[in-house]
Amino acid sequence: MTARLDPSEEGLDRDGDDRRGGKGARGATRRKLLSDEVFSKIDYKNPQVLRGFVTDRGKMIPRRISGASARQQRVISTAIRRARMLALLPFSVTGD
């Protein structure tokens, strides 16, 4: 299905979007969301910090949302798994 163009709006489809699609500029640098200070505190013995990377249902937050790099996400997931095995973090949350 092709997007119909309005002649008054050059290069835009009827929704007002750019017809090329895509995610925008590729050259933009990504802002670092996870600071080195927080990353240095990540340890399986520190469940208060790890709770920031787990949803209220007990799922790990993906790196595209948390802003962690691939290496940081591996450290976070390993720490969460170790904390779960030692019962410092729950595997899942039961309904009330």
Which of Thr94, Thr55 has the fewest other C-beta atoms within 10 Å, and how do the rest follow up to the most? Thr94, Thr55
Tell me, in nm to one decimal, what length is gained between Arg64 and Thr78 on full extension, where the rule is 0.36 nm per residue of separation less the Cα-Cα distance? 3.3 nm
Ranking of Phe39, Phe91, Phe53 by count of other Cβ atoms within 10 Å, fewest first: Phe91, Phe39, Phe53
Percent of Cα-Cα distances greater than 14 Å, calculated over the stretch 36-85: 43 percent
Between Gln48 and Leu86, 0.36 nm times their residue separation minus their Cα-Cα distance comes to what? 12.2 nm
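Throughout, read-outs are computed from the coordinates displayed, never taken from laboratory work. Quick caveat: nothing in here was measured; it's all calculated off a predicted structure. Reconstructed Cβ throughout: ideal geometry from the backbone, glycine too, with neighbour counts over all protein chains shown.
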